[in-house]
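Have a look at the structure below before the remarks.
The values are calculated or read from the model by the stated rules, or taken from the named source; none is laboratory data. As the structure is a prediction and not an experimental result, all values here were calculated from the model. Glycine also receives a Cβ, built like all others from the backbone with ideal geometry; neighbour counts cover every protein chain displayed.
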Amino acid sequence: MTKGGGRHMVAGIVQEPLINKGVKSRRDTAIAEDTVGTTQLDTVPEPKYWHLKTVLSEALDSEFSVGEILPNERDLAARFGVARATLRQALEQLELEGRLQRRRGVGTTVAPPRMGVAVGSEQHTWPGAVGDAWQLADCALAVPPPAVAQALETERDEQVHIVRRSRVTHGQPVAAELLYIPAASVPDLSGIDAPSGAARARAVLRELQRLGLESQDRSVELGSARADDAKELDRLPGAPVLVVTTRFVAEGGTAAVSVATYRADTCRLTFGDSGGVEIHHDPERRAS
């Protein structure tokens with residue numbers, strides 16, 4: 001069942017309520033907040049599932065390799081001496097942090113290292129350039145969201161080319177992108193026969209690359225997966241995602257805007273050209 005690990009017990013920890021019940025306790029807490037500037041939560045013991053999460057994380061580093069299937073919940077609960085409800089809480093937290101993956105028909109597996117997402121790199125390239133890891137899916141003419149139209153400096157009802165792309169690592173979808181390109185950036189598309197699809201997308205990006213790229217502006221924020229993004233990323237709607245918005249500047253204006261949605265549980269941000277700093281407990285878990 002395990003690789004050399006003995007029985008770990010998560011014992012001796014009593015899960016206490018976050019705040020004691022009773023009017024007097026609530027009044028005392030309010031007084032403490034006013035006089036000391038803190039709350040009684042500072043003295044609340046660590047929840048049992050959170051301690052179990054730490055023990056499980058150490059076991060993942062020392063006993064399991066990427067892609068390995070964990071024992072079932074009954075066996076894990078027996079090994080660590082906890083209730084299955086407590087175990088599920090710990091597993092859900094590790095899944096949220098990107099340490100585990102739950103795959104239908106397979107079970108719970110050890111997740112691969114998070115994919116690096118370069119932010120603030122000094123290398124400026126157009127989408128679709130040599131070495132681009134994105135896969136083209138489709139292209140269509142449509143009116144962009146108002147915020148995108150404002151960034152593109154187009155009219156609110158003006159249609160633009162919307163290129164849809166996806167990104168996969170370790171056989172798993174990790175990102176979905178919508179690339180908005182105004183007609184003024186790709187004026188020589190009249191001879192392209194394909195009205196939509198990957199062929200049209202390739203033609204749009206090829207024409208875009210004819211412009212001289214001057215700079216890129218990029219921002220990153222935490223968001224929640226919309227229904228369409230969640231379906232493409234194999235996540236539930238509302239799952240945490242990283243939204244990376246990039247504005248491509250050419251000829252003194254905005255030539256394109258990219259809105260890329262990354263799975264927050266499988267991605268990490270890197271800054272600069274070196275790829276960032278990685279620290280792992282087990283050298284075998286380092287990204288290649």
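Below, the figures for the structure above:
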| quantity | calculated |
| --- | --- |
| Lone qualifier among A129, A147, A142, A133 - being assigned by TED's automatic domain parsing to the domain that holds E207, closer than 28 Å to D234 by Cβ, more than 20 Å from the chain's Cα centre (by Cα) and at pLDDT below 90 | A129 |
| Region 215-263, subset touching a residue at least 60 places away in the same chain (Cβ under 8 Å) and touching a Gly at 6+ places or on another chain (Cβ under 9 Å), residue surrounded by the fewest Cβ atoms within 10 Å (Cβ to Cβ) | P240 |
| Pairs, first under 13 Å from L152 (Cβ atoms) and in the same structural domain as D265 (by TED's automatic domain parsing) in region 167-186, second of a type in the set (K, R) and crowded, with 21+ Cβ neighbours inside 10 Å, C-beta under 7 Å, six or more apart | L179/R165 |
| Flag if A199 is part of a helix (DSSP H, G or I), at pLDDT below 90 and crowded, with 19+ Cβ neighbours inside 10 Å | no |
| Region 205-214, residues that are surrounded by 17 or more Cβ atoms within 10 Å (Cβ to Cβ) and either among the charged types (D, E, K, R) or under 18 Å from T266 (Cα atoms) (or both) | E207 |
| Residue check for T254: over 19 Å from A175 (Cβ atoms), touching a strand residue (DSSP E or B) at 6+ places or on another chain (Cβ under 7 Å) and hydroxyl-bearing (S, T, Y) | yes |
| Filter result (modelled with pLDDT under 55, surrounded by 13 or more Cβ atoms within 10 Å (Cβ to Cβ) and charged (D, E, K, R)) within region 27-65 | D28 |
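Matching residues to (1) within 17 Å of A176 (Cβ to Cβ); (2) at pLDDT below 90:
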| residue | (1), (2) |
| --- | --- |
| R206 | no, no |
| P240 | yes, yes |
| V259 | yes, no |
| P283 | no, yes |
